[in-house]
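These notes concern the structure reproduced below.
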Amino acid sequence: GILAKFTSNDVYEPFVQCTICQQILSCDVKNGTNSLTLHVQNCTKKINLPKSTMPIDCYTKKIAAASSDDKRTVNLACSKYCAFDMRSFNSVHGDGFKQICQVLIDIGYKYGLMKTIKPLTDILIPDRTNISRTIKQIANEYRLKMNEILRQELKQVKLIGISTDYWKSSYTGDNYLTINSHYRKDNNPVTYMLKNILFSGTKSGENTVRTIKII
């Protein structure tokens with residue numbers, strides 16, 4: 001039935017109550033319990049919603065999946081990179097390029113968690129002077145590592161070969177000489193580029209041997 005209560009002004013105010021959620025709803029003589037009927041229908045739908053159990057793998061760490069839109073955006077950016085900077089299509093699969101992208105993703109993820117202002121790309125990308133300086137530092141570190149590797153491995157090598165390769169830069173027209181070392185380790189061929197220098201003399205055998213001895 002319909003319940004009723006008196007307000008502070010001693011006014012008769014009818015009401016109904018939902019037995020599912022215990023919510024009190026107003027009603028009047030004109031509409032009767034229509035409001036309760038609509039409420040019960042919606043309330044019953046909420047109660048009958050299936051409660052899905054989250055699988056255990058949802059609580060384990062997963063690799064984030066990229067949406068189709070994100071993949072198209074990255075594809076467009078990589079295409080512009082290759083076109084604008086005249087890079088090969090395979091350059092975006094290089095380890096160095098992937099490391100740069102991953103660092104930028106990690107930084108973006110960190111700033112996203114902090115809810116701070118997103119840094120611009122121009123702020124993150126280093127200038128050419130810093131890149132040149134860093135490349136020299138990395139080259140020196142790799143030379144030291146290579147010297148140590150060769151010093152240890154050549155102790156167990158009986159034969160070693162030295163090869164040379166002359167080539168010309170298509171941009172500057174300068175001639176270069178590349179010197180490589182070759183040997184076998186565990187029955188597998190090993191090759192290291194020892195030196196790459198600017199070469200201005202004639203490409204004769206005597207000049208090549210003289211240059212190798214100087215190096």
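Just so you know, all these numbers are worked out from the coordinates, no wet-lab data involved. Bear in mind that the values here come from a model prediction, so they are computed numbers and not experimental data. Neighbour counts are summed over all protein chains in view; Cβ atoms, including those assigned to glycine, are modelled from backbone coordinates with ideal geometry.
Some notes on this structure:
- Cα-projected label distance for Phe97 with Lys155, points at 7 Å along beta-carbon direction, nm: 4.1 nm
- Residue order for His39, His93, fewest other beta carbons within 10 angstrom first, comes to His93, His39.
- In order along the range 83-98, the phi-based Karplus estimate (6.51 cos²θ - 1.76 cosθ + 1.60, θ = phi - 60°) of 3J(HN,Hα) comes to 6, 5, 9, 6, 9, 6, 4, 6, 5, 6, 9, x, 4, x, 5, 5 Hz; Gly and Pro are listed as x.
- If only the Cβ of Lys and Arg carry +1 and only the Cβ of Asp and Glu carry -1, the dipole of the range 158-215 around its Cα centre is close to 180 debye.
- FRET efficiency for Ile131 and Cys43, using Cβ-Cβ distance with R0 set to 45 Å, rounded to 0.05: 0.10
- With 0.36 nm allotted per residue and the present C-alpha distance subtracted, the Glu206-Ser68 stretch has 43.7 nm of extension available.
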